[in-house]
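Every number in this text was worked out from the coordinates using simple rules, so none of it is lab data. Since the model is a prediction, treat every value here as computed from it, not as a measurement. Positions of Cβ are generated from backbone atoms using ideal geometry, with glycine treated the same way; all protein chains shown enter the neighbour counts.
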Amino acid sequence: MRIKDLAHPITAAKADWLAGTSWLGFTPSDSSGNARERCRAVINSQMGNGYVIEYATLKYGDPNPGFESSPKYIQGQAAHRELAGKLIAVHKLRPSPRPLQEILGEFEYNQLQDMWAEGNRHRWSVAFPIVETYRIITTPFARDILGAEAMQRLFGHPSATLRPLNDDERARIADLEIEPLRAENAWIGIADEIAMAERSQISSQLQNQIDRDLALSAMEGMTEEQKRKIRKRAAWLAERYARQRTRESRLLCDDCGFDPQSRTLGTGVKPRSILDVHHKNPLDEGVRVTTLSDFCLLCPNCHRFAHALARSSAVSIRAG
């Protein structure tokens with residue numbers, strides 16, 4: 001998979017010491033509510049609906065006095081040496097930030113502030129959960145990919161926010177190979193929609209279709225209740241997708257091109273009833289945030305084949 005295969009463009013870059021795993025943090029100008037709100041608004045505007053590419057800075061930060069021999073600092077410094085100056089990851093962030101205390105817990109948050117905060121304890125306090133994440137496989141040096149001019153524009157000066165990319169910079173990173181990783185906070189990315197899904201009336205036929213599609217998805221680390229909610233939300237999205245296709249008059253099989261209207265005209269049978277909504281990426285469910293782009297319409301034969309192919313691939317993966 002390459003960056004150009006993502007559902008949305010890379011809109012901005014973030015300079016960090018190490019790759020984010022569950023959140024990306026930003027430090028507002030002060031600890032006031034107004035400063036946090038301004039910071040949140042700027043970041044949301046910069047990233048839009050796109051992805052953020054992460055760059056490892058050339059220098060690792062100096063901790064507060066007394067933490068120079070901290071195992072956590074020494075480990076981070078060693079990891080940074082391997083990544084310095086490189087493009088390391090691509091993330092999709094949840095547009096609604098969470099207080100960093102909520103993501104880390106009070107104890108870990110206070111440890112972080114003890115080590116790094118200067119004055120007021122609000123270092124990285126505006127934190128955006130990572131709900132979808134990819135490792136850049138080759139971790140290339142950013143200068144080799146972007147060139148000296150873009151490097152100067154993007155990273156030649158300190159910034160407390162993101163660094164928006166232009167079209168030329170997006171083209172330069174488009175062919176970088178990436179692989180998906182489990183996003184620890186994917187659950188946060190779907191939480192706001194679960195309530196709407198729970199209130200929705202979804203046909204049992206569609207729910208069964210989606211449940212079959214997700215049978216291969218392990219959703220590791222989640223409770224049975226969380227898995228149930230994720231399946232419910234997936235079916236809710238599938239229902240929205242089917243309505244969208246109906247409104248657009250695009251009721252045909254996305255695989256073989258079968259148009260049910262050619263068979264149902266004058267019969268009273270609804271063309272939509274002949275097609276199944278199929279989840280194209282069931283293994284990603286619970287790992288990243290599923291969107292409408294993860295669904296397609298298939299005729300029953302193509303849907304059966306898609307399931308057979310998925311089972312065969314799963315067996316091959318386990319055997320390997």
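Computed quantities for the displayed model
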item	result
Prolate/oblate/rounded call for the range 240-304, Cα gyration tensor, a/c under 1.5 rounded	prolate
Percent breakdown of C-alpha pair distances by 10 Å bin, ordered from the shortest bin, for the range 186-319	12, 41, 33, 13, 2, 0
Three semi-axes of the equivalent ellipsoid, the chain, Cα gyration tensor, whole Å, largest first	41, 22, 19
Residue with peak Gaussian network fluctuation, the chain [Cα springs, cutoff 10 Å], from LYS72, LYS92, LYS229	LYS72
Rel. contact order, % - alpha carbon contacts under 8 angstrom, at least six apart, the range 1-116	31 percent
Interchain or long-range residues, amide H under 5 Å from PHE295's placed H	LYS280
Given charges at Cβ of Lys, Arg, Asp, Glu: the chain dipole, positive-most of SER29, ALA234, ALA79	ALA234
³J(HN,Hα), Karplus 6.51/-1.76/1.60, whole Hz, each residue of the range 227-233, x for Gly, Pro	4, 4, 5, 5, 5, 5, 5
Cα-based shape type of the range 63-221, given that a ≥ b ≥ c are square roots of the gyration tensor eigenvalues and the cut on a/c is 1.5	oblate
Efficiency of FRET from Cβ geometry, ALA35 and ASN208, R₀ 41 Å, rounded to 0.05	0.25
³J(HN,Hα), Karplus 6.51/-1.76/1.60, whole Hz, each residue of the range 28-43, x for Gly, Pro	x, 5, 7, 8, 6, x, 5, 5, 5, 5, 5, 4, 4, 5, 5, 5
Kirkwood hydrodynamic radius of the range 138-244, from inverse mean 1/r over distinct Cα pairs, in Å	17.6 Å
Whole-Hz ³J(HN,Hα) from phi, Karplus 6.51 cos²θ - 1.76 cosθ + 1.60, for the range 147-158, glycine and proline x	x, 5, 5, 5, 4, 5, 5, 7, 10, x, 8, x
Folded to 0 to 90 degrees: helix 300-319 orientation relative to the chain principal axis, Cα	40 degrees
Shape of the range 1-124, Cα gyration tensor, a/c cut at 1.5	oblate
